[in-house]
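S.K.: Mind having a look at this structure? Questions to follow.
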Amino acid sequence: MKVIKEISLLREALRDKRKDGSTVGFVPTMGFLHEGHQSLLKRAREENDIVVLSVFVNPIQFGPNEDFETYPRDIERDEQAAYEAGVDFIFYPSVEEMYPHKAGVSLIVNSRTNVLCGAKRPGHFDGVVTVLTKLFNIIQPDQAYFGLKDAQQVAVIDSLIRDFNIPVELVPVNTVREEDGLAKSSRNVFLSEEERQQAPAIFKSLQKARALIDSGERNPEKVIAGIKEELDSSTSGEIDYAELLSYPELERVEEIQGKIIIALAVKFSRARLIDNIIVEI
């Protein structure tokens, strides 16, 4: 396994590896790897000859009052996890390497962002698609792997790839959970002991929503009410949003039918956690 910090050196290394027709699987991350990331790397390892992991905390997807400075970082820990997962290359660039000068061209996401996390994070997904477009161009992977825990991000990336004819296959991977149902997240380390005990109620509320739909409920408002009731009675966290939308279009529906996402975000004292399930009727 090699750790490479320069774009030119990574391109050169991958060019040499591709000479025999080897396929490249890519897992982009902001580091502080957990089992969720490991599931992406495992899938990439199973399906490709070469696996590239990027570790880059992307400043342009953080808002003014968000946690860019405090976002957890531990590159030595990440290197060990990557080695155990069979990664071939870690791309670990500096901010200056990725953004050496003021951009002359900007990418703006026009749809799928006015709901869920995107509604309260203006410019966030512009930053996401900008860094991913750069990474896709640098690495030129055959397949790129993303976790469905952030299903809105997956939907936006799906649109990016389609709209710009980027020759990469998007591979969504199911959310990895703790034994009690809590979705794996780098931000879970910020939960207090009491909050950690309460946090599984997030997934429990989504299971309640699925049960309502399975029993025949087709009114989105009643399903969302069931989620809020579960969370209000089980956690001290503040519900940031709880929404039911079509997927991957992320549009509001009057009646539950087709493929839908039920998604929510809950704010605790030092962590904002997201989760979702995708259901097809």
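S.K.: Too long at a 32 Å Cα-Cα cut-off: which of Lys120/Lys184; Lys42/Lys204; Lys2/Lys134; Lys2/Lys120; Lys2/Lys267? Spell out each step's value before the answer.
M.R.: Working: Lys120/Lys184 22 Å; Lys42/Lys204 27 Å; Lys2/Lys134 20 Å; Lys2/Lys120 38 Å; Lys2/Lys267 38 Å.
Over 32 Å Cα-Cα: Lys2/Lys120; Lys2/Lys267.
S.K.: For a quick check: sort Arg11, Arg252, Arg43 by the number of other beta carbons within 10 angstrom, fewest at the front.
M.R.: Ascending number of Cβ neighbours within 10 Å: Arg252, Arg11, Arg43.
S.K.: Same structure again: Mind sorting Phe62, Phe136 by how few other Cβ atoms lie within 10 Å of their own Cβ, fewest first?
M.R.: By the 10 Å Cβ count, ascending, the order reads Phe62, Phe136.
S.K.: Still on this structure, please answer the following. Can you compute the modelled spin-label distance between Glu221 and Tyr241, with each label point 7 Å from Cα toward Cβ, in nm?
M.R.: My value for the distance between the label points is 2.0 nm.
S.K.: Please arrange Tyr145, Tyr92, Tyr71 by counting, for each residue, the other beta carbons lying within 10 Å of its beta carbon, fewest first.
M.R.: Tyr71, Tyr92, Tyr145
S.K.: When the label point is put 7 Å from the Cα of Arg73 along its Cα-to-beta-carbon vector, which residues of the range 29-61 have a backbone N closer than 18 Å?
M.R.: Label zone hits: 29-34, 54-61.
S.K.: Same structure again: Please turn the phi angles of the range 133-139 into ³J(HN,Hα) values with the Karplus equation 6.51 cos²θ - 1.76 cosθ + 1.60 (θ = phi - 60°), one per residue in order, whole Hz, x for glycine and proline.
M.R.: Those phi angles translate into 4, 5, 5, 4, 6, 5, 8 Hz.
Just so you know, all these numbers are worked out from the coordinates, no wet-lab data involved. Quick caveat: nothing in here was measured; it's all calculated off a predicted structure. Every residue, glycine among them, receives a Cβ derived from its backbone with ideal geometry; neighbour counts consider all protein chains shown.
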